[in-house]
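First comes the structure, then the notes that go with it.
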């Protein structure tokens with residue numbers, strides 16, 4: 001395959017990956033994205049860093065700095081996703097470069113296609129958190145390391161080692177779980193390349209020095225009282241572990257994968273295993289005094305792919321259980337290149353069949369991730385309906401999910417020019433998650449909302465099917481801890497389909 005053909009195919013794969021991500025770009029902000037949005041809206045740049053360093057977050061600051069800069073480009077809430085989108089798209093050609101470096105251009109193209117179609121990567125390329133940024137930086141760190149190893153003397157081109165150290169430091173400033181990947185990477189380097197040990201350790205030491213200012217905040221985060229709550233939400237059983245792995249490979253944390261992508265991925269892995277057993281045994285040319293052999297490269301990719309899951313599992317055994325799909329995200333920095341390298345090592349027919357099945361599995365998972373009716377909740381449409389139908393004196397009552405900060409998904413899209421009651425958001429000081437219980441609502445909050453309407457209307461947002469007129473007493477469930485008193489009637493309802501239905505109910509005094 002010529003270089004020109006390869007370049008055109010890589011461009012096409014990258015554009016397809018970008019197009020898929022743009023389909024999902026418009027989905028409403030949810031969950032942890034609200035924390036990013038609230039912080040960058042409420043504070044200036046220095047205040048953003050201070051807030052991330054506080055108990056309001058248990059993350060490093062790099063993504064928040066980039067999201068703050070992106071938010072200055074306009075008022076759209078989705079702008080906090082821009083750094084994730086850029087990093088998620090950049091990860092496609094970076095995966096190509098890594099696969100090519102280990103096993104050639106065919107491996108690189110398969111790696112790029114896997115990264116482009118990965119449902120997990122599509123989801124986190126349009127999510128205002130640091131995961132895709134961390135992955136792009138980890139791939140960059142690995143590429144810089146391999147480039148530096150090609151030089152006969154480790155000191156002859158210090159720019160590569162400086163770049164290796166810079167990517168290493170930035171990856172740690174993006175997400176704490178990068179440390180597992182980086183540790184496995186450094187151990188591999190120290191074993192296979194004696195000539196590179198001294199410059200690699202010097203570069204790593206430089207990265208550590210640059211990271212020192214954040215160490216006190218990191219220690220606070222690791223001791224945060226929020227962690228036990230997150231563990232409880234995530235679950236600690238074997239079924240939760242298996243679910244996390246399925247979400248990592250064929251879905252995303254808020255969407256359980258169905259059987260079709262899982263079967264395709266399992267079939268692809270089986271064909272790949274058969275192909276590896278039947279691969280031709282050839283003697284590889286000498287790669288030079290410092291560069292890794294193809295087998296060493298495969299061991300590198302395998303180590304990097306498994307490092308995060310192994311370390312998270314050991315950490316769980318030690319008593320801190322954060323084994324969830326989000327915290328396994330660094331797996332995707334090496335997995336596409338590993339798939340490409342293994343497929344390229346197989347006999348061509350089996351390698352092609354395995355790649356096709358695996359890519360079909362990723363594609364099937366991605367189809368659900370970008371489908372708004374299965375992957376998200378339509379807060380945009382609900383906000384638009386309320387804004388068009390509610391008058392300036394009407395009151396909004398949002399009963400939807402607990403938010404990690406004093407901001408809801410409805411707030412992100414509904415103009416804040418009406419009285420609004422949001423009983424499921426925290427009202428205390430950070431760490432906010434501690435202040436928001438699982439039920440959240442209470443009768444007093446509802447009574448205050450009803451009193452605030454006067455002779456105006458109340459617009460109630462719930463995450464379930466509508467209640468018919470005449471059944472106003474069923475508008476709130478017992479779990480929500482509130483009950484609508486008599487004297488109110490339903491005058492209109494509007495339901496918006498999605499992963500869960502969102503229903504706006506318009507109430508008026510009789």
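The values are calculated or read from the model by the stated rules, or taken from the named source; none is laboratory data. What you are looking at is a predicted structure, and each value in this text was computed from that prediction instead of being measured. Because the Cβ atoms are built from the backbone with ideal geometry, glycine has one as well, and the counts that use them run over all protein chains shown.
Where in the range 248-366 are there helices (runs of 4 or more DSSP H), lying fully within it, with 3 or more residues that are modelled with pLDDT of 95 or more and surrounded by fewer than 23 Cβ atoms within 10 Å (Cβ to Cβ)? Steps first, answer last, please.
Numbers: elements: 259-277, 294-317, 335-345.
Those helices (runs of 4 or more DSSP H) span 259-277, 294-317.
Here is a yes/no grid of residues against (1) at pLDDT 95 or above; (2) crowded, with 20+ Cβ neighbours inside 10 Å; (3) under 18 Å from the mean Cα position of the chain (by Cα); (4) not in a helix (DSSP H, G or I):
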site: 34; (1), (2), (3), (4): no, yes, yes, no
site: 64; (1), (2), (3), (4): yes, yes, yes, no
site: 75; (1), (2), (3), (4): no, no, no, yes
site: 80; (1), (2), (3), (4): yes, yes, yes, no
site: 83; (1), (2), (3), (4): yes, yes, yes, no
site: 86; (1), (2), (3), (4): yes, no, yes, no
site: 91; (1), (2), (3), (4): yes, yes, yes, no
site: 98; (1), (2), (3), (4): yes, yes, no, no
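When the residues of the range 478-495 are filtered to those that are over 23 Å from residue 454 (Cα atoms) and loosely packed, with under 14 Cβ neighbours inside 10 Å, which remaining residue is nearest to the chain's Cα centre (by Cα)? Per the criteria, the residue is 479. If the condition is being farther than 13 Å from residue 163 by Cα and assigned to a helix (DSSP H, G or I), then the range 186-200 contributes 186, 187, 188, 189, 190, 191, 192, 194, 195, 196, 197, 198.
Annotation note: of 181, 167, the sole residue that is free of Cβ contacts under 8 Å to residues at least 40 places away in the same chain and buried (at least 17 other Cβ atoms within 10 Å of the Cβ) is 167.
Tallying residues that are under 16 Å from the mean Cα position of the chain (by Cα) and farther than 21 Å from residue 189 by Cβ within the range 310-331 yields 8. Return yes or no: is residue 120 in a helix (DSSP H, G or I), farther than 14 Å from residue 336 by Cα and modelled with pLDDT of 95 or more? No, not satisfied. Scanning the range 382-391 for residues that are buried (at least 19 other Cβ atoms within 10 Å of the Cβ) and either assigned by TED's automatic domain parsing to the domain that holds residue 247 or out of contact with any helix residue (DSSP H, G or I) (no Cβ under 6 Å at 6 or more places or on another chain) (or both), we see that the one that is farthest from residue 24 (Cα to Cα) is 390.
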